[in-house]
Structure formats: C-alpha cells, structure tokens
1. Obtain the nm distance between the two label points defined at MET191 and GLU34 by a simple spin-label model: each point lies 7 Å from its Cα along the Cα-to-C-beta direction.
2. For each of ASP90, ASP46, count neighbouring Cβ atoms within 10 Å of the residue's Cβ, then give the residues from fewest to most.
3. Calculated FRET efficiency, ALA404 and GLU264, Cβ-Cβ r, R0 25 Å, to nearest 0.05?
4. Hey, what's the Cα Rg ratio for segment 62-211 versus the globular rule of thumb, 2.2 N^0.38 Å?
5. For segment 224-360, what is the Kirkwood hydrodynamic radius in Å, using each pair of distinct C-alpha atoms?
6. Where the convex hull is taken over the Cα atoms of segment 383-435, what is its projected area averaged over directions, in nm²?
7. How much net charge surrounds ILE117 when only other residues with a Cβ under 13 Å from its Cβ are counted (Lys, Arg +1; Asp, Glu -1)?
8. Calculate the spin-label point distance for ALA126 paired with ASN438, positioning each point 7 Å from the Cα along the beta-carbon direction, and give it in nanometres.
Amino acid sequence: MIESLLVANRGEIARRIIRTAKRLGIRAIAVHSEADADMPFVTEADEAVCVGPANPAQSYRNTEAILAAAKSTGAQAIHPGYGFLSENADFARTVESSGLIWVGPGADAITAMGDKINARNLMAAAGVPVAPGTTDPAADVDAAVTAATAIGYPVMVKAAAGGGGMGMGVAADEAALRTEYDKVRAFAERMFGDGSVLIERYFPRVRHVEVQILGLADGRVVALGERECSVQRRNQKLVEESPSPAVSPELRARFLAAAVRAGEAVGYRNAGTVECLLVPRQRDFEGDGPGSEEFFFLEMNTRLQVEHPVTELVYGVDLVEEQLRVAAGLPPTFDPDALAPRGHAIELRVNAEDPKRFLPGPGAIRTWVEPTGEGVRVDSGYVAGNTVTPFYDSLMAKLIISGATRAEAIERARAAVAAFELAGPKNNLPFFAELLENEEFLSGDYDTGIVGRMR
C-alpha cells in the first residue's frame with residue numbers, strides 16, 4: 001500500500017480523502033492556499049504546505065507548486081480529488097514522469113474522454129448508445145444549422161471540451177441556434193481554450209442517471225450500480241440517490257453492461273463515472289408509473305464524483321480506499337463477482353447559496369452543528385468560525401442519508417435537514433426541506449425539470 005499521499009484539493013473532498021488515508025495508516029499531506037490556512041482539512045492532515053494565494057490558478061491549479069510540495073514532503077502519490085487538476089491529462093503524465101503514483105485513470109483515458117465528440121465516437125464504436133448528434137465539430141454556424149436540420153429540433157449546443165454542466169445551450173429553431181452557437185463557442189474559447197462545438201438532440205423531458213465504474217489493477221472493469229442525479233439547477237446537481245427509482249432490474253443490467261463496455265473501450269483504471277440521459281416513456285392511459293424507452297451516453301467523468309458516498313453506502317465499500325488499492329496494484333477489498341446493493345441512499349449538497357435563486361452567498365460561519373443519528377453521514381469541509389470565501393465552489397457539506405428503503409431514507413433526510421444548524425452564509429437547506437415534501441420527488445417519477453417546476 002502507498003505510504004504517503006499528497007491530496008491536491010481542498011474542502012470536503014480533501015478532508016474525506018485524508019480520513020481514509022489516516023485510517024489506512026498512510027501519511028496524509030495537504031496543500032492549501034493562503035485563504036484556506038485555517039480550514040479543517042489543513043489542520044487534520046499530518047503535514048500541510050501552502051502553495052499560493054487564493055486564486056486557484058496560483059494555488060490549487062499551480063502544477064509546479066504542487067509537485068514541489070510533493071517533492072519537499074516526500075510524498076509517494078498524489079490524489080487529485082475532483083475539480084481543479086483531477087481531469088488534467090498533462091498533470092497526470094507529469095506526476096507519473098516525476099516518479100510519483102497518480103491516484104486516478106491513465107492520462108490517455110482522461111484525454112480520450114475529455115473531448116465530448118471524441119468520447120461519443122469512441123462509445124458508439126464500443127456499442128454504447130449515443131444520442132443523435134455530430135461526429136465532428138460544427139466548424140461554423142451554418143454547419144451547425146445543417147447538422148441540426150438533419151438531427152431534428154430541439155438541439156443541445158455543447159462545448160466539446162466542457163464539463164460540469166458548463167458550456168451548453170438549447171435551441172428550438174434555427175434563429176435560436178445561431179444565437180446559442182455564438183454564445184457557446186465564445187464561452188468555450190474563454191473557459192476551456194477550445195471553441196469546438198457539438199450539436200446533439202435535446203430531449204425536453206429526461207432523467208440524468210450515471211453508473212459508478214472501477215477499473216481494477218488486474219485489468220477488469222466493474223460497475224457498482226447507478227445513481228439518479230436529476231435534481232439539478234443550471235445543469236448542475238443538487239441531489240443524488242441510489243438506486244435510481246426509475247431503473248428496473250432489466251434496465252439496470254443494460255446500464256451496467258454499457259458502462260463496463262465504456263470503461264473497457266479506453267482501458268480504464270481506477271474510479272470513474274459513465275453519465276447517461278434516460279428518456280422516460282410516456283405514461284399509458286392507466287398511468288402505470290415511471291419507466292423508460294432508451295438511454296444515451298452523455299459523458300465519462302474520469303475522476304471520483306462528488307456524489308460517490310451514496311454508492312459507498314449502498315454497496316458497503318470505501319471508494320477512496322479502492323482507488324488507492326488500484327493505484328498501488330492491489331486487488332479490491334470486495335469480490336467483483338458478488339456485488340449487490342443493499343438499501344437506499346440520498347445525498348443533499350449543502351451549498352452556500354440562496355435557496356430560491358441559487359446565487360452564491362459566501363460569508364463567515366457563526367453556527368455549524370451537524371445532524372447525527374442512524375443512517376446519517378455528513379462529509380463537510382467547514383466548521384464554525386471558518387469563512388466561505390468567493391474564491392471557490394459554494395459546496396460546504398454533503399448530507400448523506402441511508403435507509404433500508406427509499407421511504408425510510410427520505411424520512412431520515414427530513415429529520416437531518418431540520419436538525420442541521422447553520423448560520424452565517426446563505427444556504428440551501430430550506431430548499432431541501434421543500435423538496436423532501438414535494439409529491440413529484442416523493443413519487444420517484446421526476447426528471448431534470450423538477451427544480452424549475454418547484455420555483
């Protein structure tokens with residue numbers, strides 16, 4: 001097993017990785033910006049190194065400073081968490097060429113999946129369903145119009161190099177497409193340094209379902225169930241649950257098989273997620289509940305996901321430990337041929353944002369009392385006295401609740417939300433209290449438009 005680990009991240013994910021590392025007897029090393037010097041992940045690490053000022057480009061994305069910190073502390077491996085450098089293929093290559101262990105997929109897999117058009121084409125070749133769309137970037141707006149006419153409106157205009165719900169627009173007709181194409185292209189060039197644009201069929205009513213995969217050290221790829229991620233605002237997730245209330249055993253088998261094929265197509269190692277769009281069928285005249293007709297590959301996230309805890313609770317694994325074991329060339333702690341889910345888990349992302357408009361609301365934390373009780377887990381990045389600054393993502397904590405059934409998990413979630421005492425920055429706990437009483441959510445028959453219908 002790895003003996004010393006540098007965590008190239010911050011907040012709750014750094015704290016969560018450090019927790020597993022220390023449980024395994026691994027020396028945990030944190031890097032931090034000047035703004036984060038007093039954060040819990042820094043004080044809980046065995047050693048910490050300041051890598052620059054608050055600006056992420058000068059600290060958490062500063063590859064030279066992070067590699068220098070690894071060298072000065074004698075780190076054996078680097079875990080990137082999610083965000084920042086986690087899907088930077090050049091950084092992964094540099095880490096390995098420096099003689100360090102990269103706790104993540106190989107750089108070639110990151111590169112292959114980092115471009116949405118290339119990823120779509122690879123998946124189609126591997127027999128993974130993809131939505132109707134372009135196989136090459138739309139070179140200009142006229143090419144986009146020609147493609148959209150062939151695909152059929154409405155269409156999604158997407159930055160090929162984008163991710164995290166950024167760089168996307170919907171066009172219902174040619175006039176809207178011409179506007180959205182220019183907006184998405186300009187955004188993509190500014191944010192990703194790549195203005196390539198993909199045109200894809202847009203489905204007005206759709207669910208977002210993803211599959212957790214793990215590429216093992218022996219070359220096998222296994223799937224650890226699916227997660228429902230349809231509660232979103234601005235194409236970014238707020239709530240995840242596992243198993244998905246929309247997925248039947250037959251559909252689950254198809255989902256997992258497709259995800260394994262996706263991983264095998266790029267020789268995937270370590271943890272990753274295959275994200276899909278699930279197009280629900282219309283209810284028949286008897287209204288016989290939720291179902292589906294088809295699903296399509298959306299993208300592969302070549303890293304650990306924010307929502308990985310729901311999979312951990314349902315499958316009884318520590319995914320960070322499994323990541324470390326794969327990186328060290330060790331077998332998993334579980335039997336890959338005997339994976340089976342138990343119970344239900346729901347994750348609520350507690351953000352420093354307005355619960356109505358979801359606009360950021362940073363500030364000093366005056367009160368922070370986390371809920372406790374059976375089936376309640378809190379992965380937090382803050383404590384009372386810390387300040388949520390505007391420099392980073394608004395995520396403060398993840399409230400993860402499990403139960404024997406979905407109904408029990410929801411009931412426990414209501415109590416946990418009510419018991420979470422948080423004062424100072426704005427927060428979205430009131431939104432979760434509303435969601436957990438919403439009939440559409442409670443039925444399990446919801447889609448990515450649910451938040452808009454609640455507002």
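A short reminder: the numbers here are calculations on the coordinates, not readings from a lab. If you're wondering where the values come from, they're calculated on a predicted model, not measured in any experiment. Neighbour counts are summed over all protein chains in view; Cβ atoms, including those assigned to glycine, are modelled from backbone coordinates with ideal geometry.
1. That separation, rounded to one decimal, is 2.8 nm.
2. Working: ASP90 12, ASP46 15.
Starting with the residue having the fewest Cβ neighbours, the order is ASP90, ASP46.
3. Computed FRET efficiency for ALA404 and GLU264: 0.15.
4. Working: Rg = 18.3 Å, N = 150, 2.2 N^0.38 = 14.8 Å.
Against the empirical 2.2 N^0.38 Å value, I get 1.24 for segment 62-211.
5. On the way: mean 1/r = 0.0601 Å⁻¹.
After inverting the mean inverse Cα-Cα distance, the result is 16.7 Å.
6. Working: hull surface 17.2 nm².
With the hull built on Cα positions only, its mean projection is 4.3 nm².
7. On the way: positive: LYS116, ARG120, LYS158; negative: ASP115, ASP136, ASP194, GLU200, GLU299.
My count for the surroundings of ILE117 gives -2.
8. That separation, rounded to one decimal, is 3.2 nm.
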